[in-house]
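Visitor: Here you go, one structure.
The values are calculated or read from the model by the stated rules, or taken from the named source; none is laboratory data. Bear in mind the structure is a predicted one, so any value in this text is a computation, not a measurement. As a convention, Cβ positions derive from the backbone with ideal geometry for all residues, glycine included, and neighbour counts pool all protein chains shown. Protein only, heavy atoms only, side chains kept; ligands, DNA and RNA dropped before computing areas. Shrake-Rupley method; radii C 1.70, N 1.55, O 1.52, S 1.80 Å.
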Amino acid sequence: MSVVAKDAVSKNKSRVYIPGFSWSWLSIPSLLVAWMLIATQFPNYILPQVWEVAEEAYDWIADGSIFGHLWASFLEEVGGFGAAIIVSIIFGFMAGFYKGFREYIVPLNGLFMAIPPIAWAPLMLIIFGIGYTTIVVVIFISAVNPMILTIMEGVLTIQGSEIRAARALGAKRWQLFIHVYLPASLPFITAALRIGFSQAWRALVAAEMIGATQGLGWMVSMGGEIGNSRQVLLGIVLIGGVSYLFERIFFRRLEKHYEVWRIQ
Amino acid sequence: MATSSHVGGDELIIEDVHFSYGSVPIFDGMSISVSPGEFLSILGPSGCGKTTFLNLLSGFLKPDAGSVLLRGEPIEPEDPHFGYVFQSATLFPWLSTVENVEFGLRMAGKLTPEQRREKAMHYLDMVGLKGFENYLPIRLSGGMQQRASLARALAMEPRLLLMDEPFGALDAITREIMNDELLRLWDELGQTVVFITHDIDEAIYLSDRVLVLNLPPRGVFKTLNNDLPRPRSGPTTRTADLFWQYKKELIDDISQVSALKKKVQAAQMN
Ligand SMILES: Nc1ncnc2c1ncn2[C@@H]1O[C@H](COP(=O)(O)OP(=O)(O)O)[C@@H](O)[C@H]1O
Ligand SMILES: [Mg+2]
């Protein structure tokens, strides 16, 4: 009896659920199919086909020029986002610890977050000229504010009882910081990293379109100016791909890893 | 064996302690002394200042006047001489159970990692948590979390153990089991214990002496010297005539304090 019943259940399940299958496998292929169908309606110098963009990619890889642009964007991201990490950890913890500093800085964060980062680009161009510094500054401004707020929230959630328990176990001031405040806020720090990375990347691309002579954003804007839609699309694919790889895969995993003990 | 109390000099002396939260006085000249190895329970309805008292003993709060001395020395929260088990389990949720128990030893930094682990495992075993050392606290039940908290305090090998309603959140059966375990550990290790509870049975079952706290800032309402023989065990101790006699006395004391509380609250309303 029970064997029959079990069988019936598993058969029933297999009708709606194939193990290992997820509808997400359809997302990218369906997008490519749609692109190909739409592209048939346009001359290829306006909307090129998927394989024509792939050929374009091959050319850029073959002559090595793609790597220079990727590297340029990467260095800018490291500079701006790296500085934002350091500053947001310091300011985020200070805002969490000191009420006065929190009251002072939160309105400033809100104000800066209300301004789209690209609006700073022309000013930075006037101050620093075309190139690395301008872009790094724009990235920094856009990433650091949400990161400070996220880390501050994390520090504020730390329980007074945990601090007292640690002190009763003999933890001195700096030990409290290393062994309680830091691990307790790690889930928030990793969330801040993910948010900051995506903000920084958006700002980077936008800033490169205005104030750079290389990089992925420059590839897209230059492609538009010279009417090379293949180059534009290749740039877009790379921008999305890099962001997806880091944000969705690397930083989200990191965050999940440090979140385990919070899920109640 | 820590069964004989009131031997030797005083371990802990609380002398003429005054304390208030802002303008609200909680203690107005409180004096108590505790002997080495004594198991002292402090009983009282909620809001009568039990937690405040323990925080004064541990140095988290400083008296406005008077002194709290452990073997003649003032106490700081970071002192390794006392262990504190809090009202709710305060395990660090990002550390495994054994890492939690090791925490204090790690802060002290006197042992190698292997020695620390060995000691932590010893105390985990003592509280019956062997096999759970790699669990994160969220995967432990409430009783297991309090056991782990106890092991974490014991691993410091403190002379004085302060416990603030440690089993208050547990069901009656688990609480009785934990009471027996605590007595067994105390018998083995011989620390001085100051144990806070609002449960009369628990106070009688565990202690050498029970203090009933009065409403703030009135201090101690009554002291009961508990002559129930040791070793104690559920079936004999809890059914002894003396146990019932103490229980009756304490119920009477508590109801007097509670009646006073109602009267004071009513007066404040008007
Ligand atoms: N941090 C505080 N600030 C002001 N009043 C407090 C504080 N903590 C406790 N109290 C008050 O002091 C009294 C004693 O509290 P507490 O020591 O926690 O009592 P118990 O542990 O016996 O329930 C209560 O009336 C409580 O409201
Ligand atoms: Mg309390």
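Visitor: Given a Förster distance of 60 angstrom, what is the FRET efficiency for residue A:51 paired with residue A:101, based on the Cβ-Cβ distance and rounded to 0.05? List each step's numbers first, then the result.
Guide: Values: r = 56 Å, r/R0 = 0.94.
Here the calculated transfer efficiency is 0.60.
Visitor: Can you tell me the Rg and Dmax of the stretch A:137-264, counting just the alpha carbons, in angstroms?
Guide: Rg, Dmax (Cα atoms, Å): 20.1, 69.
Visitor: Provide the per residue accessible area, probe 1.4 Å, for the stretch A:50-263, rounded to a whole number of square angstrom.
Guide: 49
Visitor: If you don't mind, another one. Assuming R0 = 35 Å, what is the FRET efficiency of residue A:158 and residue A:58, from their Cβ-Cβ distance, to the nearest 0.05?
Guide: For residue A:158 and residue A:58, the calculated efficiency is 0.10.
Visitor: Let me ask something else. For q values of 0.07, 0.08, 0.09, 0.10 Å⁻¹, compute log₁₀ I(q)/I(0) with the Debye formula on a Cα-only model of the protein assembly as shown, without solvent.
Guide: -0.62, -0.74, -0.83, -0.92
Visitor: Work out Dmax and Rg for the stretch A:163-202 from the C-alpha atoms and quote the Rg first, both in angstrom.
Guide: 14.4, 46
Visitor: Same structure, new question: If you take the accessible area of A alone plus B alone and subtract the pair, what total do you get in square angstrom, rounded to 100, with a 1.4 Å probe? Each step should come with its number before you reach the end.
Guide: Numbers: alone 16110 and 12750 Å², together 26860 Å².
The contact between B and A buries close to 2000 Å².
Visitor: Have a look at A:60, A:218, A:25 and tell me which one the Gaussian network model of chain A (Cα, springs below 10 Å) gives the largest fluctuation.
Guide: Answer for the Gaussian network model of chain A: A:25.
Visitor: Could you check which residue among A:234, A:193, A:182 shows the biggest mean-square fluctuation in a GNM of chain A with a 10 Å Cα cutoff?
Guide: A:182
Visitor: Compute the Kirkwood hydrodynamic radius of the stretch A:50-263, taking the inverse of the mean of 1/r over all pairs of distinct Cα atoms, and give it in Å to one decimal.
Guide: Hydrodynamic radius (Kirkwood, Cα pairs) of the stretch A:50-263 is 18.9 Å.
Visitor: For chain B, which whole percent of the accessible surface, found with a 1.4 angstrom probe, sits on carbon and sulfur atoms? Let's see the in-between values first.
Guide: Values: 6140 of 11750 Å².
C and S fraction of accessible area: 52 percent.
Visitor: Accessible area of the stretch A:50-263 with a 1.4 Å probe: how many percent of it is carbon plus sulfur?
Guide: 70
Visitor: Further question on the same structure: Between B:49, B:72, B:168, find the one with the highest GNM mean-square fluctuation for chain B; connect C-alpha pairs within less than 10 Å.
Guide: So, out of B:49, B:72, B:168, the one fluctuating most is B:72.
Visitor: Kindly flag which residue pairs out of B:62/B:247; B:50/B:263; A:256/B:110; A:172/A:256; B:50/B:261 have an alpha-carbon separation exceeding 23 Å in this structure.
Guide: B:62/B:247; A:256/B:110; A:172/A:256
Visitor: Going by a 1.4 Å probe on protein heavy atoms, which residues of the stretch B:71-88 end up with at least 40 Å² less accessible surface in the whole assembly than in their chain alone?
Guide: Going by heavy-atom accessible area, the residues of the stretch B:71-88 that drop by at least 40 Å² are B:78, B:86.
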